[in-house]
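The values are calculated or read from the model by the stated rules, or taken from the named source; none is laboratory data. Everything numeric here is computed off the predicted structure, so don't read it as measured data. Glycine gets a Cβ as well: all are built from the backbone with ideal geometry, and neighbour counts include every protein chain shown.
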Amino acid sequence: MSSLAVSDDRADTNDRADTKVPAKVIQPAWVRLLHWINAAAMIVMIMSGWQIYNASPLFNFTFSRSITLGGWLGGALLWHFAAMWLLMVNGLIYLILGFVTGRFRRKLLPISPGGVISDTKAALTFKLSHDDLSRYNYVQKLLYAGIIIVGVVIVLSGLSIWKPVQLQWLTALFGGYDIARYVHFICMALIVAFLVIHVALALLVPKSLRAMIIGR
């Protein structure tokens, strides 16, 4: 009887070992698809935008041609407008699905100053936990919510620069054409800073990059 009991226990153990627990879906397919399209469109817009900036600099510097796109002002504008429509349509779909599915509410709220300060201190001392990738810490919530707002502002300021006569009410909202250019540039700088931090965090936590590629 004891030998049979041992055999049964081993069989149960083997059965449990053979039973694979399904991996948790962290990033749904629509998030992954829209994320990578946004990333590609944003990179094209930044590089072509730098070439456009070089044609009429706001500050006492220009960007190296090696990191610009378009070759000249006309070529840069073509790339910029093409990526603009892709970014606008893709970004609008992302915003709609984010609100409709409740993803923004679940992932980005609540955000508290105390939580941001606490998690920032933990991040700076390399004590911030990344065990559960399905939950954003307060620093991530602030960054992702902030970049969505910046994305909306850069699109609106870009439209006001592109069509200052047809959209004069929008241009006026930014304080005029010249100020709209500065707003557009500052938003671009914030997006570049976000991308640098985003890529750095992905390299520090490789499983987050894996989740954005295969979802699990």
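Some notes on this structure:
- Considering the conditions (1) touching a helix residue (DSSP H, G or I) at 6+ places or on another chain (Cβ under 8 Å); (2) free of Cβ contacts under 8 Å to residues at least 40 places away in the same chain, residue 192 is excluded by exactly one of them, (2).
- For segment 110-148, the set of residues classified as surrounded by 15 or more Cβ atoms within 10 Å (Cβ to Cβ) and of a type in the set (Asp, Glu) consists of 119 only.
- Within segment 38-61, the only residue that satisfies the criterion of being over 16 Å from residue 192 (Cα atoms), surrounded by 14 or more Cβ atoms within 10 Å (Cβ to Cβ) and either free of Cβ contacts under 8 Å to residues at least 12 places away in the same chain or of a type in the set (S, T, N, Q) (or both) is 54.
- Enumeration of residues in segment 174-216 that are aliphatic (A, V, I, L, M) and either part of a loop (DSSP other than H, G, I, E, B) or assigned by TED's automatic domain parsing to the domain that holds residue 68 (or both): 205
- Only one entry of 84, 1 meets the criterion of being within 23 Å of residue 149 (Cα to Cα) and modelled with pLDDT under 95, and that entry is 84.
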